[in-house]
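As structure tokens, the structure follows; a few thoughts come after it.
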Amino acid sequence: MIKVLIIDDDNNFRVYLSHIIEKEFKAEIKYAGDGKEGLIVTHSFKPDLIIVDDEMPELRGDELVKKIKDDKKIKDIPIIVMTASNDNNTLTRYIEYNISDYIIKPINAAETLRKIHKIIFENKRIVLVVEDNRAFRMFVEKVLRSKFSKVIVQHANNGFDALKKIEEEKPYLIILDFAMPEMTGKDLLAKIRNNEKNKDIKVVMLTGQNDAKAIAEISSLGVSDYILKPVTLEELYSKLIRYLN
């Protein structure tokens, strides 16, 4: 699921924009009503995309964009600026800040969605984390978001949810827990490999079983790699960089 932050002081417009984005991308969306709040939410939410209005109280759009681009922790987050001004000086100022794109208000919904899709998915790889343990899943997602800027992180709590996500948007890589209720990682992988269009998806299996028989079974399933639990940040990163470098 992609994460989008909308920063605009017009609540009605925020709701409208949120509606069309959620409908198209099934995104997780958060709001901020001004630039100062937007900067705080950017750090805590770590969105895949920021959509910011040009004219806002307290901290204008250009001031906010400059602060984001000057901050090493968040400077790589793509930004779309919305402005009612078609003035070349305004647009040039934002382009100099290396924004991803801009949209002239009043917005055209189709054009807006096209630009969002291009920015989020162009040259990026979708990684699906399938894990029923929420704490461990969040740990894996945190590593992916902090270490790999060119990935879109999605998650599933079980095998059935994972199959639905795969059907909606084919991932480049699946990080899959071996032992899950309802549908095991082994059963899910069999369903993935039985679908011709999904046979090339890379799969890294997570397992707490460290005996030779279990490892041999996992290796025979056609996985790209496996990771033994418990795993440290360094171990997880060293495995994933082989596929996401």
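Percent of Cα-Cα pairs more than 17 Å apart in region 25-121, please.
Of the Cα pairs, 49 percent sit more than 17 Å apart.
Using θ = phi - 60° and the Karplus curve 6.51 cos²θ - 1.76 cosθ + 1.60, what whole-Hz ³J(HN,Hα) does each residue of region 205-222 get, with Gly and Pro shown as x?
Result, ordered by residue: 8, 9, 8, x, 8, 10, 7, 4, 5, 5, 5, 5, 5, 4, 5, 6, 7, x Hz.
Given the options Asn88, Asn194, Asn11, which has the most mean-square fluctuation in a GNM of the chain, springs set between C-alpha atoms less than 10 angstrom apart?
Asn88
Pick the calculated Rg/Rh (Cα atoms, Kirkwood Rh) for this structure from (1) 1.00; (2) 1.18; (3) 1.04?
Matching entry in (1) 1.00; (2) 1.18; (3) 1.04: (3).
Given the rule -39500 (n - 2.57) for each run of at least 4 DSSP H residues, summed and divided by the residues of the chain, what is its mean residue ellipticity at 222 nm, to the nearest 500 deg cm²/dmol?
Rounded to the nearest 500, the figure is -14000 deg cm²/dmol.
Kindly state, as a whole number, the per residue volume in cubic angstrom of the convex hull around the alpha carbon atoms of region 125-244.
For region 125-244, the hull spanned by Cα atoms encloses 94 Å³ per residue.
Could you sort 1-8, 101-108 so that the peptide with the highest average Cβ count within 10 Å comes first and the rest follow in order?
Taking the mean over residues of other Cβ atoms within 10 Å, the ranking is 1-8, 101-108.
Running a GNM on the chain with Cα contacts under 10 Å, which residue among Glu131, Glu217, Glu141 ends up with the highest mean-square fluctuation?
Top of the fluctuation ranking is Glu217.
No value in this document is a laboratory result; all are computed from the given coordinates. Nothing here was measured: the structure is a model prediction, and the numbers come from that model. As a convention, Cβ positions derive from the backbone with ideal geometry for all residues, glycine included, and neighbour counts pool all protein chains shown.
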